[in-house]
1. Name the residues in the range 109-126 that are modelled with pLDDT under 95 and under 22 Å from L29 (Cβ atoms), would you?
2. Going through L136, L67, L58 one at a time, which residue ends up being closer than 12 Å to L10 by Cα and surrounded by 22 or more Cβ atoms within 10 Å (Cβ to Cβ)?
3. Since A89 meets every condition but one in (1) modelled with pLDDT of 95 or more; (2) under 20 Å from L157 (Cα atoms); (3) of a type outside the set (S, T, N, Q), which condition does it not meet?
4. Can L138 be described as more than 30 Å from E17 (Cα to Cα), touching a residue at least 12 places away in the same chain (Cβ under 8 Å) and out of contact with any Asp or Glu (no Cβ under 9 Å at 6 or more places or on another chain)?
5. Can you tell which of V79, V54 is in contact with an Asp or Glu (Cβ under 6 Å, 6 or more places away or on another chain), aliphatic (A, V, I, L, M) and modelled with pLDDT of 95 or more?
6. Name, by its number, the condition in (1) in contact (Cβ under 8 Å) with a residue 60 or more places away in the chain; (2) touching a Gly at 6+ places or on another chain (Cβ under 7 Å) that does not hold for G33.
7. Within the range 143-160, is even one residue touching a Phe, Trp or Tyr at 6+ places or on another chain (Cβ under 7 Å), free of Cβ contacts under 8 Å to residues at least 24 places away in the same chain and surrounded by 14 or more Cβ atoms within 10 Å (Cβ to Cβ)?
8. Just one of (1) in contact (Cβ under 8 Å) with a residue 12 or more places away in the chain; (2) surrounded by fewer than 19 Cβ atoms within 10 Å (Cβ to Cβ); (3) more than 14 Å from L9 (Cα to Cα); (4) aliphatic (A, V, I, L, M) trips up L123, so point out which.
Amino acid sequence: MSPHQMPLLLVRHAVAEDVHPLGDEARALTVEGRAAFRTHARKLARLTPMAGIVTSPLLRAVQTAELLAEAFGLGRVEVHPALLPGPHAHKHILRLARELGAGWMLVGHNPSLSRAGELALELDTLPGKLRKGTALALHPEGKHFSFAWMAAPGRPLLRPENLQSD
């Protein structure tokens with residue numbers, strides 16, 4: 001499959017600790033979150049091949065990206081500050097998504113990822129909730145994107161044909 005046939009994935013980090021003595025940046029995935037996401041990442045890898053991973057530098061996102069790299073057989077994870085949480089993070093994420101294009105997974109945080117997905121799809125709200133560990137698959141079409149599917153851990157795959165129309 002060529003990279004242009006692959007989606008671009010926006011992936012929210014898996015379930016992490018609520019607090020950490022060293023601060024938000026040090027919050028790690030929980031044992032349960034790691035196990036559940038490892039299973040989910042393997043399911044994602046069966047849906048589509050991917051070419052690369054870029055992640056927020058925060059520990060929980062890096063750990064999520066490492067599980068994706070393992071499942072997809074990718075040798076490295078790149079860290080990028082555009083995926084850090086912040087007031088304008090959704091704009092940085094969308095810019096990075098357009099630069100990288102199809103075949104890339106961007107691992108980050110909410111609400112920035114949800115907002116970036118909404119902007120990419122030109123929607124007020126996403127077709128489903130971007131729960132922890134969820135992957136939103138987008139097909140790049142020039143500067144725009146179309147909805148491919150959404151996969152949340154332990155939930156059925158959400159495809160365009162499953163969506164209710166008004």
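1. The answer is none; no residue qualifies.
2. One residue alone meets the criteria, L136.
3. (2)
4. It is false that L138 is more than 30 Å from E17 (Cα to Cα), touching a residue at least 12 places away in the same chain (Cβ under 8 Å) and out of contact with any Asp or Glu (no Cβ under 9 Å at 6 or more places or on another chain).
5. V54
6. (2)
7. Among the residues of the range 143-160, at least one is touching a Phe, Trp or Tyr at 6+ places or on another chain (Cβ under 7 Å), free of Cβ contacts under 8 Å to residues at least 24 places away in the same chain and surrounded by 14 or more Cβ atoms within 10 Å (Cβ to Cβ), which makes the answer yes.
8. (1)
The values are calculated or read from the model by the stated rules, or taken from the named source; none is laboratory data. Owing to the predicted nature of the structure, the values given are computational and were not obtained by experimental measurement. Backbone-built Cβ (ideal geometry, glycine too); neighbour counts: all protein chains shown.
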